[in-house]
Structures are given as C-alpha cells and as structure tokens.
Amino acid sequence: MKNICLALLAALVLSASVAAAQDAPGKGLFLPGDITLEQARIAIDAGLAKAREQGTLMDIAIVDAGGNLKAFSRMDGAFLASIDISVKKAKSARGLNMSTGTLHDAAVPGQELYGIEVTNDGMVIFGGGELIKDKDGTIIGAIGVSGSSVANDTEVAQAGAAAVLASFE
C-alpha cells in the first residue's frame with residue numbers, strides 16, 4: 001500500500017511539473033548571464049549586415065556561456081567547410097575566454113600555448129572568434145565567423161559582438 005501511495009504521489013508531482021512546463025516552456029531552465037536567443041539573433045543579423053557590406057559569404061555561429069551552440073546562420077553560397085570552422089572559432093573563444101586572434105599570438109611556435117589547436121577536438125587559433133559580453137563585461141557567449149580572409153572574418157565577428165553589447169544600452 002505504501003508503494004502505491006508513493007507511486008501516486010510521484011505521478012501527481014510529475015503531472016503538475018509537465019503542466020507547468022506546458023504553460024511556460026523554458027521557465028526556470030534559462031541560466032542568468034547566458035546569451036538569449038534574441039541576443040544571438042542580434043549578433044547574427046549584425047554579422048550578416050557586415051558580411052553583405054564586405055561582399056563576402058559567411059557562416060556565423062553563436063555559442064552560449066557554456067560553449068554550446070545557440071544559433072547558426074550560413075549565407076547562401078558560403079563554404080561548407082566554414083560551418084565547422086565557425087562553430088570551432090566560437091567554442092575556442094569561449095573555452096579560453098579570449099578572441100581567437102589573441103589566442104593565435106599565444107599559440108605560435110615558441111609561445112606557451114603552442115599546440116593547443118589539437119586539444120578539445122580541435123581549436124581554431126586564427127581570427128574570427130570573439131567573446132560576447134553584457135554591459136557589465138560578463139561573458140554571455142561567443143561568436144565564430146568563417147568564410148573569407150581572417151581580417152574579414154574578424155570584422156564580422158566584432159560587428160556581431162558589438163551589436164549585442166549595444167543592445168544593453
């Protein structure tokens with residue numbers, strides 16, 4: 001009898017939880033200090049605008065504060081190889097809390113992070129990965145961009161990160 005009562009109680013709690021989740025999907029599941037989908041879209045839209053201004057075709061990836069893919073956009077005709085590169089740039093930037101351009105300087109032969117690119121299923125150690133921060137300087141995610149020169153990729157990534165920061169004003 002005791003087991004039946006416990007099973008009924010568990011069923012009631014579970015059904016109440018399911019009903020609450022259906023009323024407010026995602027409520028209580030979002031971590032404060034993490035990039036929102038809206039902010040990720042702001043970054044992607046700003047990046048796409050910068051890429052169009054450059055006349056380039058880009059793949060743009062946004063990861064959350066935990067380094068998990070949050071949003072992605074591939075411009076029509078952008079390189080297929082740049083899909084993986086853009087995601088790895090974003091993850092590399094977030095994983096080490098620095099832009100991939102800064103990482104490059106620390107990872108060249110003779111520097112203390114030489115060889116780091118072969119760790120963590122492959123890191124990217126050239127520009128195009130930037131941290132995304134809130135108005136207080138807290139890292140809320142990162143953007144990775146690939147599809148053109150390192151300079152162009154970096155400009156697009158910086159435009160996306162700057163747009164999110166500006167959205168706090």
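Taking the options GLY55, GLY33, name whichever one is modelled with pLDDT of 95 or more and not hydrophobic (A, V, I, L, M, F, W, C).
Working: GLY33 fails: modelled with pLDDT of 95 or more.
The match here is GLY55.
Does segment 103-111 include one or more residues that are surrounded by 14 or more Cβ atoms within 10 Å (Cβ to Cβ), in contact (Cβ under 8 Å) with a residue 40 or more places away in the chain and not aliphatic (A, V, I, L, M)?
Restricting attention to segment 103-111, the residues satisfying the condition of being surrounded by 14 or more Cβ atoms within 10 Å (Cβ to Cβ) are 103-104, 106-107.
Adding the requirement that they be in contact (Cβ under 8 Å) with a residue 40 or more places away in the chain leaves none.
Looking for residues that are surrounded by 14 or more Cβ atoms within 10 Å (Cβ to Cβ), in contact (Cβ under 8 Å) with a residue 40 or more places away in the chain and not aliphatic (A, V, I, L, M), one finds none in segment 103-111, hence no.
Quick check on this structure: which one of SER73, SER86 is within 19 Å of ALA157 (Cβ to Cβ), at pLDDT 95 or above and touching a Ser or Thr at 6+ places or on another chain (Cβ under 8 Å)? Explain how you work it out, then say what you get.
Values: SER73 fails: touching a Ser or Thr at 6+ places or on another chain (Cβ under 8 Å).
Matching residue, one of SER73, SER86: SER86.
Collect the residues in segment 26-77 that are part of a loop (DSSP other than H, G, I, E, B), crowded, with 18+ Cβ neighbours inside 10 Å and among the polar types (S, T, N, Q), keeping them in residue-number order.
Just the residues of segment 26-77 that are part of a loop (DSSP other than H, G, I, E, B), to begin with: 26-36, 55-58, 65-68, 75-77.
Pick out the ones that are also crowded, with 18+ Cβ neighbours inside 10 Å and you get 35, 56, 58, 65.
Correct list: THR56 only.
Go through segment 51-70 and give me each residue that's more than 17 Å from THR100 (Cβ to Cβ) and in contact (Cβ under 8 Å) with a residue 12 or more places away in the chain. If you could, list the steps in order and put the result at the bottom.
From segment 51-70, those more than 17 Å from THR100 (Cβ to Cβ) are 51-57, 64-66, 68, 70; that's our starting set.
If the condition is that a residue be more than 17 Å from THR100 (Cβ to Cβ) and in contact (Cβ under 8 Å) with a residue 12 or more places away in the chain, then ALA51, GLN54, THR56, LEU57, ASP64, ALA65, GLY66, LYS70 are the ones that fit.
State whether one or more residues within segment 139-155 are of a type in the set (D, E, K, R), out of contact with any Ser or Thr (no Cβ under 6 Å at 6 or more places or on another chain) and without any contact (Cβ under 8 Å) to a residue 12 or more places away in the chain.
Among the residues of segment 139-155, not one is of a type in the set (D, E, K, R), out of contact with any Ser or Thr (no Cβ under 6 Å at 6 or more places or on another chain) and without any contact (Cβ under 8 Å) to a residue 12 or more places away in the chain, which makes the answer no.
Looking at segment 104-121, which of its residues are under 24 Å from GLY147 (Cβ atoms) and touching a helix residue (DSSP H, G or I) at 6+ places or on another chain (Cβ under 6 Å)? Don't jump to the end; show me each part of the working.
So the first thing to find is which residues in segment 104-121 are under 24 Å from GLY147 (Cβ atoms), and the list is 104-105, 107-108, 116-118, 120-121.
Of everything in segment 104-121, those that are under 24 Å from GLY147 (Cβ atoms) and touching a helix residue (DSSP H, G or I) at 6+ places or on another chain (Cβ under 6 Å) turn out to be ALA107, ILE116.
Would you confirm whether or not segment 101-111 contains a residue that is outside any loop (DSSP other than H, G, I, E, B), farther than 14 Å from ALA40 by Cβ and under 10 Å from the mean Cα position of the chain (by Cα)? Walk me through it before giving the result.
Keep residues of segment 101-111 that are outside any loop (DSSP other than H, G, I, E, B), which gives 101-107.
Filter once more, keeping what is farther than 14 Å from ALA40 by Cβ: 101-107.
Among the residues that remain, those that are also under 10 Å from the mean Cα position of the chain (by Cα) are: none.
No, that holds for no residue.
Among the residues in segment 122-130, are any exposed (fewer than 14 other Cβ atoms within 10 Å of the Cβ), modelled with pLDDT under 95, touching a helix residue (DSSP H, G or I) at 6+ places or on another chain (Cβ under 9 Å) and not aromatic (Phe, Trp, Tyr)? Before you say what the answer is, go through the steps one by one.
Pass one, segment 122-130, residues exposed (fewer than 14 other Cβ atoms within 10 Å of the Cβ): 122.
Within this subset, residues satisfying the condition of being modelled with pLDDT under 95 are 122.
Subsequent filtering for residues that are touching a helix residue (DSSP H, G or I) at 6+ places or on another chain (Cβ under 9 Å) retains 122.
The next check asks that each one be not aromatic (Phe, Trp, Tyr); those that pass are 122.
Checked against the condition, which is being exposed (fewer than 14 other Cβ atoms within 10 Å of the Cβ), modelled with pLDDT under 95, touching a helix residue (DSSP H, G or I) at 6+ places or on another chain (Cβ under 9 Å) and not aromatic (Phe, Trp, Tyr), segment 122-130 yields at least one hit.
Condition first: within 24 Å of GLN54 (Cβ to Cβ), assigned to a helix (DSSP H, G or I) and at pLDDT 95 or above. Can you find one or more residues in segment 144-151 that meet it? So that I can check it myself, show each step before the final result.
So the first thing to find is which residues in segment 144-151 are within 24 Å of GLN54 (Cβ to Cβ), and the list is 144-151.
Right, trim to assigned to a helix (DSSP H, G or I) and you get 150-151.
In the following step, the residues that additionally are at pLDDT 95 or above were identified as 150-151.
Scanning segment 144-151 turns up at least one residue that is within 24 Å of GLN54 (Cβ to Cβ), assigned to a helix (DSSP H, G or I) and at pLDDT 95 or above.
Please name all residue pairs, on different chains or six or more residues apart, with Cβ atoms under 8 Å, provided the first residue is in segment 80-93 and is crowded, with 22+ Cβ neighbours inside 10 Å and the second residue is of a type outside the set (Lys, Arg) and part of a helix (DSSP H, G or I).
Within 8 Å, the pairs are LYS89/THR100; LYS89/ASP153; LYS89/ALA157; SER92/THR100; SER92/LEU103; ALA93/THR100; ALA93/LEU103.
Please give the number of the condition ALA159 fails out of (1) on the phi < 0 side of the Ramachandran plot; (2) within 14 Å of the chain's Cα centre (by Cα).
In the conditions (1) on the phi < 0 side of the Ramachandran plot; (2) within 14 Å of the chain's Cα centre (by Cα), ALA159 misses (2) alone.
The values are calculated or read from the model by the stated rules, or taken from the named source; none is laboratory data. All of these numbers come straight from a predicted model, not from anything done at the bench. Methodologically, a virtual Cβ is constructed for each residue, glycine included, from the backbone with ideal geometry; neighbour enumeration extends over all protein chains shown.
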